[in-house]
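**Q** Would you mind keeping the following structure in view while I ask a few things?
The values are calculated or read from the model by the stated rules, or taken from the named source; none is laboratory data. None of these values were measured; they are calculated from a predicted model. Cβ coordinates were reconstructed from backbone atoms using ideal geometry, including for glycine residues, and neighbour counts include every protein chain displayed.
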Ligand code: FCB
């Protein structure tokens, strides 16, 4: 048994964050809105759940904005569902659906909450899926047209644009692992094609956003890259090291290069980082709860895991240092969070990660915001409702879907209001 590496400890002194730092929460349409038409509508998750109603954020967003205020947050990262706004490629925007998102934006503004809009978060309109989704290059101009129209409609309300959320996760889980629709397995060529097409769409969309999106405040645009560290459990296991290297190369290096390599870096004004932790391999097996190994068993190996992956707060500092050196762009932590029923564990995880984040900022990395995943418990894709990432609990057994604050919500509120992490 190997001993766990020394974890980043929670702060011993007050850690103040820069003025104007954004403290937010994050959600995505499929996971919280309900009443959605995309490839997830008819998808049944491992727990038998589906996303048809989920948190009903579609109707309950006024209440949810109040919760955001109650939590002391000043930012909200959420997606606009493409399929609600266009019924076909190049179609005009659906004005009713647009009005609903505009109302959400107005309510956020009234509550002094800065929006960050995500344009693609693991879902496509049905007519895009029917033509092969992102494996088809014809999806690129369709997406760019959508973005062009949306930016003109929302430019005076939105300046933070996040084109693609975790293209690596999307392409991997949909085309290599078979977890997301269309549930293909081992299709490396499709994986690469999806990444290339999304990267091209990102470049074009970014140029449009920067050209047409300025209504008094310069628009900011970037992707959200999921960064997972891949390591071998035993340093001397050549096979596990090779597996880790291939994963790192495919999901981190190849994807980062596709979106930000060479002159493509100039298309983005920021790098969004979704950071959860790491995956270690043992006899080719990914030692994480998300792959089926129970948290308790992993503990015996010395692994500190939430219900998804191994926690690795010191990795946050490493990746921030790397991204800063490589791209010299401002960074937003577009997602971090932990799924667990153990609120003490989640609090420790948050403090340790924010401590690592603070150290990076002190060292000169320009990090401008942190979005907790997630505002509330929701539909966690193929896992359904079993992974509890929320600051708010949602009672899915009650048709009124009441939200209540979990202990971590109080902890986060204090951090947001004080713009500091206290010992
Ligand atoms: C990220 C996704 C988000 C949610 C969290 C837990 O990979 O962007 O939708 O699933 O993980």
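**Q** When residue 94 is evaluated against the numbered criteria (1) without any contact (Cβ under 8 Å) to a residue 24 or more places away in the chain; (2) under 22 Å from residue 36 (Cα atoms); (3) within 16 Å of the ligand (Cβ to nearest atom), which criterion, by number, is the only one it fails?
**A** Only one criterion is unmet by residue 94, namely (3).
**Q** Please determine whether any residue of the range 190-213 is farther than 26 Å from residue 276 by Cα, more than 16 Å from the ligand (Cβ to nearest atom) and assigned to a loop (DSSP other than H, G, I, E, B).
**A** Looking through the range 190-213, at least one residue is farther than 26 Å from residue 276 by Cα, more than 16 Å from the ligand (Cβ to nearest atom) and assigned to a loop (DSSP other than H, G, I, E, B).
**Q** May I ask you to say which residue of 301, 270, 345 is over 23 Å from residue 73 (Cβ atoms) and more than 15 Å from the ligand (Cβ to nearest atom)? I'd like the intermediate steps shown before the answer.
**A** Working: 270 fails: over 23 Å from residue 73 (Cβ atoms); 345 fails: over 23 Å from residue 73 (Cβ atoms).
Exactly one of 301, 270, 345 is over 23 Å from residue 73 (Cβ atoms) and more than 15 Å from the ligand (Cβ to nearest atom), namely 301.
**Q** Let me ask something else. Only residues that are in contact with a strand residue (DSSP E or B) (Cβ under 7 Å, 6 or more places away or on another chain) and farther than 20 Å from residue 195 by Cα: list them for the range 214-229, please. Break it down into steps so the answer makes sense when it comes.
**A** Keep residues of the range 214-229 that are in contact with a strand residue (DSSP E or B) (Cβ under 7 Å, 6 or more places away or on another chain), which gives 219-229.
219, 220, listed by residue number.
**Q** Of all residues in the range 304-336, which are surrounded by 23 or more Cβ atoms within 10 Å (Cβ to Cβ), in contact (Cβ under 8 Å) with a residue 60 or more places away in the chain and away from the ligand (no atom under 16 Å from the Cβ)?
**A** Across the range 304-336, the qualifying residues are 313, 331.
**Q** Sticking with this one: Inspect the range 356-371 for any residue being outside any helix (DSSP H, G or I), within 16 Å of the ligand (Cβ to nearest atom) and touching a helix residue (DSSP H, G or I) at 6+ places or on another chain (Cβ under 7 Å) and give the result as yes or no.
**A** Within the range 356-371, one or more residues are outside any helix (DSSP H, G or I), within 16 Å of the ligand (Cβ to nearest atom) and touching a helix residue (DSSP H, G or I) at 6+ places or on another chain (Cβ under 7 Å).
**Q** Quick one: count up the residues across the range 372-423 that are modelled with pLDDT under 95 and in a helix (DSSP H, G or I). Can you show your working first?
**A** Going through the range 372-423, the residues modelled with pLDDT under 95 turn out to be 423.
Keeping just the survivors that are in a helix (DSSP H, G or I) gives none.
Result for the range 372-423: 0.
**Q** Something else about it: Any idea which residue in the range 14-37 is nearest to the chain's Cα centre (by Cα), counting only those that are outside any loop (DSSP other than H, G, I, E, B) and under 24 Å from residue 379 (Cβ atoms)? I'd like the intermediate steps shown before the answer.
**A** In the first step, residues of the range 14-37 are kept if they are outside any loop (DSSP other than H, G, I, E, B); the result is 15-16, 22-26, 29-32.
Those left that are additionally under 24 Å from residue 379 (Cβ atoms): 24-26, 29-32.
On the way: 24: 12, 25: 10, 26: 7, 29: 12, 30: 13, 31: 12, 32: 13 Å.
Here the answer is 26.
**Q** Could you list, in sequence order, the residues of the range 106-146 that are within 22 Å of residue 75 (Cα to Cα) and either within 16 Å of the ligand (Cβ to nearest atom) or assigned to a loop (DSSP other than H, G, I, E, B) (or both)? Walk me through how you get there before you give the answer.
**A** Step one: of the range 106-146, the residues within 22 Å of residue 75 (Cα to Cα) are 106-122.
Once the filter is applied, which keeps residues that are within 22 Å of residue 75 (Cα to Cα) and either within 16 Å of the ligand (Cβ to nearest atom) or assigned to a loop (DSSP other than H, G, I, E, B) (or both), the range 106-146 yields 111, 112, 113, 116, 117, 118, 119, 120, 121, 122.
**Q** Follow-up. Is at least one residue of the range 337-356 at pLDDT 95 or above, buried (at least 17 other Cβ atoms within 10 Å of the Cβ) and over 19 Å from residue 276 (Cα atoms)? I'd like the intermediate steps shown before the answer.
**A** Quick first cut of the range 337-356, residues at pLDDT 95 or above only: 337-356.
From what's left, buried (at least 17 other Cβ atoms within 10 Å of the Cβ): 337-340, 345-356.
From the residues that got through so far, the ones that are over 19 Å from residue 276 (Cα atoms) too are none.
There is no residue in the range 337-356 that is at pLDDT 95 or above, buried (at least 17 other Cβ atoms within 10 Å of the Cβ) and over 19 Å from residue 276 (Cα atoms).
**Q** Please tell me if residue 245 is over 23 Å from residue 144 (Cα atoms) and part of a helix (DSSP H, G or I).
**A** Numbers: over 23 Å from residue 144 (Cα atoms): yes; part of a helix (DSSP H, G or I): yes.
Spelling it out, residue 245 is indeed over 23 Å from residue 144 (Cα atoms) and part of a helix (DSSP H, G or I).
**Q** Scanning the range 176-209 for residues that are in contact with a strand residue (DSSP E or B) (Cβ under 8 Å, 6 or more places away or on another chain) and buried (at least 17 other Cβ atoms within 10 Å of the Cβ), which turns out nearest to residue 266 (Cα to Cα)? Step through it out loud before you land on a result.
**A** Taking the range 176-209 as the starting set, the residues that turn out to be in contact with a strand residue (DSSP E or B) (Cβ under 8 Å, 6 or more places away or on another chain) are 176-178, 185, 198, 201-202, 205-206, 209.
From what is left, the residues that are buried (at least 17 other Cβ atoms within 10 Å of the Cβ) are 176, 198, 201-202, 205-206, 209.
On the way: 176: 30, 198: 16, 201: 14, 202: 12, 205: 13, 206: 10, 209: 13 Å.
Only one residue fits best here, namely 206.
**Q** Sticking with this structure for a sec: Please tell me if residue 54 is at positive phi and surrounded by 15 or more Cβ atoms within 10 Å (Cβ to Cβ).
**A** Working: at positive phi: yes; surrounded by 15 or more Cβ atoms within 10 Å (Cβ to Cβ): yes.
The answer is yes for residue 54.
**Q** Look through 258, 339, 290 and report the one residue that is touching a residue at least 40 places away in the same chain (Cβ under 8 Å), in a helix (DSSP H, G or I) and within 15 Å of the ligand (Cβ to nearest atom). Lay out the reasoning, then the answer.
**A** Details: 258 fails: within 15 Å of the ligand (Cβ to nearest atom); 339 fails: in a helix (DSSP H, G or I).
Within the list 258, 339, 290, the selection yields 290.
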